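What follows is one structure encoded as structure tokens, with my remarks underneath.
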Amino acid sequence: MSTQQTRHTAATDPELTYWVAMHRVSGVGPARFRQLLRKFGSIQSAWTASFSALMSSGIGQENARSIEKLRAEFDPEHEM
């Protein structure tokens, strides 16, 4: 895939932007990723969820804090 096609895909699929961001969260591997996707319906929704909502997904306090920490330091849309 060319760079232009990659940019176009990211620009037309905002969910991809948040998938990439969530994969940067320490402690969130495939199993927790699936938990978040099942709970929130989209990874973008999981990325923007409150701490208590993240906790209700069953990913645990440490992982919920890791998401919050990365969210404060990382702008997925800017990264893409």
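The values are calculated or read from the model by the stated rules, or taken from the named source; none is laboratory data. These numbers were taken from a predicted model, which means no experiment stands behind them. Cβ: placed from backbone, ideal geometry, glycine included. Neighbour counts: every protein chain shown. Areas reflect the complete protein model, heavy atoms only, side chains present, ligands, DNA and RNA absent. Shrake-Rupley method; radii C 1.70, N 1.55, O 1.52, S 1.80 Å.
What the table below lists for this structure:
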| read-out | value |
| --- | --- |
| Residue ID - surrounded by the fewest Cβ atoms within 10 Å (Cβ to Cβ), chosen from residues in region 15-36 that are touching a Ser or Thr at 6+ places or on another chain (Cβ under 9 Å) and among the hydrophobic types (A, V, I, L, M, F, W, C) | L16 |
| Residue match in region 3-13 (condition: at pLDDT 85 or above and polar (S, T, N, Q)) | no |
| Close pairs (9 angstrom Cβ cut-off, 6 or more residues apart or separate chains): over 18 Å from E77 (Cβ atoms) and touching a residue at least 12 places away in the same chain (Cβ under 8 Å) in region 37-56, of a type in the set (D, E) and open to solvent by 50 Å² or more (accessible area, probe 1.4 Å) anywhere | F51/E68; L54/E68 |
| Search result, residues across region 51-69 that are open to solvent by less than 60 Å² (accessible area, probe 1.4 Å) and touching a helix residue (DSSP H, G or I) at 6+ places or on another chain (Cβ under 7 Å) | F51, L54, S57, G58, I59, N63, A64, I67 |
| Residue within region 23-39 that is modelled with pLDDT of 85 or more and in contact with a Pro (Cβ under 7 Å, 6 or more places away or on another chain) present | no |
| Filtered residues of region 37-50 (kept if open to solvent by 50 Å² or more (accessible area, probe 1.4 Å) and outside any helix (DSSP H, G or I)) | G41, S50 |
| Output for region 52-72, where each listed residue is hydrophobic (A, V, I, L, M, F, W, C) and more than 19 Å from R34 (Cβ to Cβ) | A72 |
